[in-house]
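The values are calculated or read from the model by the stated rules, or taken from the named source; none is laboratory data. The structure displayed is predicted, hence computed values, not measured ones. Every residue, glycine among them, receives a Cβ derived from its backbone with ideal geometry; neighbour counts consider all protein chains shown.
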Amino acid sequence: MERARILSVGTSHPPDRYTQQDILEMFRVVNPVVRALFAASHIQSRYLVLPQADASGRPAETQGQLLKKHRRWALRLGRQAIDRCLENTGIKPTDIDALCCVTSTGFMLPGLTAMFIKHLGLRTDCHRVDIVGMGCNAGLNALNPVTAWAQCHPGKNALMVCCEINSALYLYDDTVNTGVVNSLFGDGCAAVLLRADPADEPTFAPRVLGFQSHLIPDAWDAMIYRWSDTHGRFGFNLARDVPYVLGAHADIPVHALLDRHKLKVRDVSHWLVHSGGKKVIDAIKYTVGLTAHDVRHTVDVLRTMGNLGSGSFLFSYQRLVAERVVRRGDYAILMTMGPGSTVETALVRW
């Protein structure tokens, strides 16, 4: 059985770009601790869908408006990401045989797959699955079954789309927890196309060799989605020790995955890590033994776009491909982290 290849990646984001200072002023943040969080996040700008201010001078949205925003912008950004993913492949939306949509920033029934098929020209007999609520690690959680589907259906096109409208989770107050979330996340969408082609297929695209997960049950509530009676909507909570918990366990799935393929960390040429935040990236670097060069794309995504949730690693992947430094035979590790708490990894080779 031929392994599936990552044939193409396309990404998109909203048109409006905000600096950290823009957001502090827009939200009228006066808490010095929160202002310091924004200044120390190593994020320069993010693309967000933010509402106009209400009578209090702060942005205001009901839970219903937030869900509508998620649906509207997921469709818009999903269309752009899918078009960019397919534009140089010769593949049309009607050529897609399986569709998987990932999101943790809005609940829909039916899900994004049904909406994309209705509005974006995919076939009505397209196999589909929606993965909702797994968080920032979900891109690799979903890539695993999508890869398996492609390998079981050689020559068929499988598409995964990660749509995160993180601004649909924003609360507006002056508390530190709200400040952490509002200082970190950006809106964005990424689509990736996979297909299992014959071994002699000349396409220069990496094959997915395997996956490895590691769940940390003792930290199950370190990242959690909760209803806020105060605000009348859902909000996201991040525990202070998240970077250290993830960092302390990051090497476990990495070494398990590499050992299975008789490889060492030094054999991996490229590292595409989720842009979870500066402290998370630093903890991963220290534990796994990575250099600043190894995580340059992750750092760039964080600096210019913030934490994009489940599709973050695909934004880094796109930057690596654009560099044109990858050589045939190179290995890469893809790594995401998120609620559970979980570290997910995948190994690919060009």
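Residue-wise test of (1) more than 26 Å from residue 154 (Cβ to Cβ); (2) loosely packed, with under 14 Cβ neighbours inside 10 Å.
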| site | (1), (2) |
| --- | --- |
| 204 | no, yes |
| 209 | no, no |
| 212 | no, no |
| 218 | yes, yes |
| 221 | yes, yes |
| 227 | yes, yes |
| 232 | yes, yes |
| 235 | yes, no |
| 238 | yes, no |
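With the requirement that a residue be over 28 Å from residue 257 (Cβ atoms) and either charged (D, E, K, R) or touching an Asp or Glu at 6+ places or on another chain (Cβ under 9 Å) (or both), what does the range 205-245 give you?
226, 229, 230, 231, 233, 237, 240
For the range 156-192, what are the residues that are surrounded by fewer than 24 Cβ atoms within 10 Å (Cβ to Cβ) and modelled with pLDDT of 95 or more?
Within the range 156-192, 156, 157 meet the criteria.
Go through the range 1-34 and give me each residue that's surrounded by 15 or more Cβ atoms within 10 Å (Cβ to Cβ) and free of Cβ contacts under 8 Å to residues at least 24 places away in the same chain.
22, 24
Look through the range 77-94, keep the residues that are surrounded by fewer than 17 Cβ atoms within 10 Å (Cβ to Cβ) and more than 25 Å from residue 185 (Cβ to Cβ), and return whichever of them is modelled with the lowest pLDDT.
88
Looking for something in a loop (DSSP other than H, G, I, E, B), under 24 Å from residue 342 (Cα atoms), touching a residue at least 60 places away in the same chain (Cβ under 8 Å) and not assigned by TED's automatic domain parsing to the domain that holds residue 116 - is there at least one such residue anywhere in the range 170-184?
Scanning the range 170-184 turns up no residue that is in a loop (DSSP other than H, G, I, E, B), under 24 Å from residue 342 (Cα atoms), touching a residue at least 60 places away in the same chain (Cβ under 8 Å) and not assigned by TED's automatic domain parsing to the domain that holds residue 116.
What are the pairs with Cβ atoms under 8 angstrom where one residue, in the range 222-247, is assigned by TED's automatic domain parsing to the domain that holds residue 59 and the other, located anywhere, is of a type outside the set (Val, Ile, Thr) and at pLDDT below 85? Sequence gap at least six, or different chains.
Filtered contacts from the range 222-247: no entries.
Any chance the range 295-302 includes a residue that's farther than 22 Å from residue 45 by Cα and out of contact with any Cys (no Cβ under 8 Å at 6 or more places or on another chain)?
no
How many residues are touching a strand residue (DSSP E or B) at 6+ places or on another chain (Cβ under 8 Å) and not β-branched (Val, Ile, Thr) when one looks only at the range 18-40?
The number of residues fulfilling the criteria is 4.
Looking at (1) within 18 Å of residue 309 (Cα to Cα); (2) surrounded by fewer than 24 Cβ atoms within 10 Å (Cβ to Cβ), which one does residue 136 not meet, given that it meets all the others?
Single failed check for residue 136: (2).
Among 278, 262, which is out of contact with any Pro (no Cβ under 6 Å at 6 or more places or on another chain), surrounded by fewer than 17 Cβ atoms within 10 Å (Cβ to Cβ) and more than 16 Å from residue 338 (Cβ to Cβ)?
When all the criteria are applied, what remains is 262.
When the residues of the range 323-348 are narrowed to those that are touching a strand residue (DSSP E or B) at 6+ places or on another chain (Cβ under 9 Å) and of a type in the set (Asp, Glu), which ends up surrounded by the most Cβ atoms within 10 Å (Cβ to Cβ)?
Checked the range 323-348; the qualifying residue surrounded by the most Cβ atoms within 10 Å (Cβ to Cβ) is 344.
Only one of these is among the charged types (D, E, K, R) and in a helix (DSSP H, G or I): 262, 285. Name it.
From the options 262, 285, the qualifying one is 285.
Which of (1) under 20 Å from the mean Cα position of the chain (by Cα); (2) assigned to a loop (DSSP other than H, G, I, E, B); (3) farther than 18 Å from residue 303 by Cα is the odd one out, the single condition residue 30 does not satisfy?
(1)
Quick one: which strands (runs of 3 or more DSSP E) sit completely within the range 36-142 and have at least 1 residues that are in contact with a Lys or Arg (Cβ under 9 Å, 6 or more places away or on another chain), of a type in the set (S, T, N, Q) and under 22 Å from residue 20 (Cα atoms)?
45-47
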